[in-house]
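Notes follow the structure.
The values are calculated or read from the model by the stated rules, or taken from the named source; none is laboratory data. These numbers come from a predicted model, not from an experiment. Cβ: placed from backbone, ideal geometry, glycine included. Neighbour counts: every protein chain shown. All accessible areas refer to the heavy atoms of the entire protein, side chains included, with ligands and DNA or RNA removed. Shrake-Rupley method; radii C 1.70, N 1.55, O 1.52, S 1.80 Å.
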Amino acid sequence: MIISAFILATCLQHGAVATAEIHATQASDAILKEEGGNAIDAAITASFALAVTYPTAGNIGGGGFMLYREPEGLAWFLDFREVAPAAGHPEMYLDENGELIEESSTLGWKAVGVPGSVFGMWEAHKLWGSLPWESLLEPAIELAASGFPISEAEHRRLTRLAKTLGKDPYAFRSFYNKDGSAKDEGSLLIQPELAVTLRRIAKQGVSAFRKGPIVKGIVETSQKGGGVLAEEDFIQYRPEFRPVQKVRWRDLTILAATAPSSSGLFLSQTLGMLSDFPLASWGWEDPRTVQVLGEVEARAFAIRNRWMGDPIGCDFGVAALSHPTFIKSLGSGISPNRFTRPRSTNYPAPWESKETTHYSIVDSRGAAVSVTTTLNSGYGAKVMAPGGFLMNNEMDDFATRPGYANQFGLIQGKYNQVIPGRRPLSSMSPIIVVRDGQVDSVIGSPGGPTILTTVLQVFLNRYVFRMTPKQSVAAPRFHRQDLPATLKYEAGRLTSKVISRLRSLGQPLKKIRKLGNVDAVFRVNETEWIPVTDPRW
Ligand code: DON
């Protein structure tokens, strides 16, 4: 009680920040309080701190998306997602019979895309940062060099992965005891190699990640481990500015990411289809709400998976897919009383990961930053560079074998094939909601494809079902995607009456433990913000 009163009180003065990890939140919050510190500065500090204290998803060996709205209202989407290495190609994960080589796109160096996080943070700082770059990395360096206590959740995750992550010699050195057990809960996690890497990035800026010992270490280890990364890949990498998709809902504008994120398209299609239905008067719990929401989610996923990918690779305008006429036809036939059966039922059950991370920041000027960043799976490809940081397995987000499911069960198409220099399609969905010219909320989540439905449902909770900020995030959620047709739900989302009704329509259902891990900031009045972290974690 005392703690939350304190958080709220400090928010009044300097803005608000929500991340998935307490040390990163504190470091970022301290930057917001510093004279001249702004939301971008706080984001850079959060990003590097998470790379130290939340190694399952925080990263310098991965990539992500940043949405930024300046205090005056201009909005930007900075894409620092991984790209396929120059030596990548569409068949790189297939054997001579065209079969997928098991785990080749998820485990080990071959699964690693060229990481973009350091480039993205550098670009953001160059354009919008206020405090010196070096000072923004100091908290991360300190956390790596002096250590921080290993949480119960971190210990559990490391224990679970002892057989994969623990096999990598550098990761073993960082996270495991000599006997192979995960470092103890409560003991200090000190990462000296990572501290050296961060010091180099602090001193030399982005050039430390273009060439020199950090890159050499990555490339040599990759080559030894069967990967295809080359020094040239790091020289060629460019973060990209993409259009911001503006999705209208009543008196609100949602600022969202465009391709290679599917977020903007998904939100414009789902909200467009939903606008024909009286959700607010049906209510959150009503079976019609759940049924219609499930249907629009499934239809938007079908379009995403078939048509989307890196915007350079698409031979059509993705904007056409969010045109009202198209959305009307996409939503035709949706009924609260009918379940639309998918085309195929022969479907492999995907393994699911809950890692990736999102942070939301607002500063005292009203500038907002919404960042989702990832190594893809938890701890990425389970390989570490000699510099003490983990590498992503983002290559699995490509359609490694078009027509077949990836680790999230997404069957994707030809626009999302592995082509050198291209980015894989993403579900990451950082959003900023604007009302009357002012930021009203900043929202995002991890969860693979469930990110899209999580963010949509938090938005609806707040702005359609009129929940408080905390309720909007805490309320149980559900997820449907094109295939499999199963609607997955958290305990408490569906009453037994709703379950019977959905079953009678033919809707397959499955109860699951958790969906998403939202970190959001909401406006509560003219001057007051509330950071909300997900009570699920
Ligand atoms: O970009 C994407 O869509 C995925 N790489 C995100 C992965 C993810 O969220 C993993 N788990 N929570």
Partner lysines for Lys211 [C-alpha distance under 20 Å; skip if fewer than 8 residues away on the same chain]: Lys126, Lys203, Lys224
Calculate, for the range 202-292, the solvent-accessible area per residue in square angstrom, rolling a 1.4 angstrom probe over the heavy atoms of the protein chains. 41 Å²
Work out the charge dipole of the range 89-135 with +1 on the Cβ of Lys and Arg and -1 on the Cβ of Asp and Glu about the Cα centre, then indicate which of Met121, Ser135, Tyr93 is farthest towards its positive end. Ser135
With all protein chains present, the chain has a carbon and sulfur share of its accessible area (1.4 Å probe) in percent of 54 percent
Could you provide, to the nearest whole Å², the per residue accessible area of the range 403-503 with probe 1.4 Å? 29 Å²
Report the full-extension gain for the segment Glu285 to Thr159: residue separation times 0.36 nm, less the Cα-Cα distance, to one decimal in nm. 41.5 nm
Quick one: length gained pulling Ala30 to Gln471 fully straight, 0.36 nm per residue minus the C-alpha distance? 156.1 nm
Filtered hits (lysines, Cα-Cα < 28 Å from Lys514, offset >= 8 within chain) -> Lys163, Lys183, Lys354, Lys382, Lys470, Lys488, Lys497
Is it possible to state the helix-based mean residue ellipticity at 222 nm for the chain, with each DSSP H run of 4+ residues giving -39500 (n - 2.57), the sum divided by total residues, to the nearest 500 deg cm²/dmol? What is it? -10500 deg cm²/dmol
Please arrange His89, His125 by accessible surface area, largest first, computed with a 1.4 Å probe and ligands excluded. His89, His125
Between the range 405-432 and the range 35-108, what is the C-alpha centre distance in whole Å? 12 Å
Farthest towards the positive end of the dipole of the chain, among Phe459, Phe148, Thr221 and with Cβ unit charges of +1 on Lys and Arg and -1 on Asp and Glu, lies the Cα of Phe459
What share of all Cα pairs of the chain, in percent, falls into each consecutive 10 Å distance bin? 4, 20, 31, 28, 14, 3, 0
Determine the gain in length on full extension of the stretch Lys178-Ser332; use 0.36 nm per residue of separation and subtract their C-alpha separation, reporting nm with one decimal. 49.4 nm
